[in-house]
Amino acid sequence: MSLFTATLITAIVLLAFGVILFMDNPKVRDIAHSWPRSQNAAIVFMTIGGLWFLNHVFHLEKADFGDYKHYLMVGFAAVGVLSFKYLPDFLAVRGLGIIILLAAHEVLSSAYMKEPASRLWLVTFIYILIALTLYVGASPYRMRDFTNWLYDGHSRPKLLGGFLAIYGLILAGVAFNYS
């Protein structure tokens, strides 16, 4: 993936989430409150994240335990499946965390050793997102707490949505100004 593509995709995602939050729709509020413990969201996010991770394991090279990749795939697949039985609470949050971390790897790889200093707008946001994802992944109930806090005040979703939308527009401008 090129730096332009990674920046533009990140900008579009931020802009979309920003606009959705800014509109402060009651349906969005209900979804935001229910998805962290949703079994359907857990199945979707864990399946996408698990398959993406197993794809990375499948492509391990010899220096990275590539001789044992089939054992690793079976082990990690078992952990993914057994998590639905033994760790079902907030599994959707953990699955989304997997997806975010794997996507962050792709985005950071596209920006690695590239010349334009404006790429730092993207990289800084991604590193902050990684830190937040690790924090919420370690304590997934914090996502519920954040959602409760966010929708406790009427202006908070609009402020967060506005910030995300503006940052998405900045990233889109940065993407089109890469030389």
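Residues considered: Phe4, Phe53, Phe22. Of these, the only one that is touching a Lys or Arg at 6+ places or on another chain (Cβ under 8 Å), part of a helix (DSSP H, G or I) and either over 19 Å from Arg144 (Cβ atoms) or of a type outside the set (Gly, Ala, Ser) (or both) is Phe22.
One line per residue, one yes/no per condition, for (1) open to solvent by 60 Å² or more (accessible area, probe 1.4 Å); (2) modelled with pLDDT under 95; (3) touching a helix residue (DSSP H, G or I) at 6+ places or on another chain (Cβ under 7 Å); (4) of a type in the set (Gly, Ala, Ser):
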{"residue": "Gly97", "(1), (2), (3), (4)": "no, no, yes, yes"}
{"residue": "His105", "(1), (2), (3), (4)": "yes, no, no, no"}
{"residue": "Ser118", "(1), (2), (3), (4)": "no, yes, yes, yes"}
{"residue": "Trp121", "(1), (2), (3), (4)": "yes, yes, yes, no"}
{"residue": "Asp145", "(1), (2), (3), (4)": "no, yes, no, no"}
{"residue": "Tyr151", "(1), (2), (3), (4)": "no, yes, yes, no"}
{"residue": "Leu164", "(1), (2), (3), (4)": "no, no, yes, no"}
{"residue": "Val174", "(1), (2), (3), (4)": "no, yes, yes, no"}
{"residue": "Asn177", "(1), (2), (3), (4)": "yes, yes, yes, no"}
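The values are calculated or read from the model by the stated rules, or taken from the named source; none is laboratory data. In this text, all values refer to a predicted model and were calculated from it rather than measured experimentally. Neighbour counts run over all protein chains shown; Cβ positions are idealised from the backbone, glycine included. The accessibility values were calculated without ligands, DNA or RNA, using every heavy atom of the protein model including side chains. Shrake-Rupley method; radii C 1.70, N 1.55, O 1.52, S 1.80 Å.
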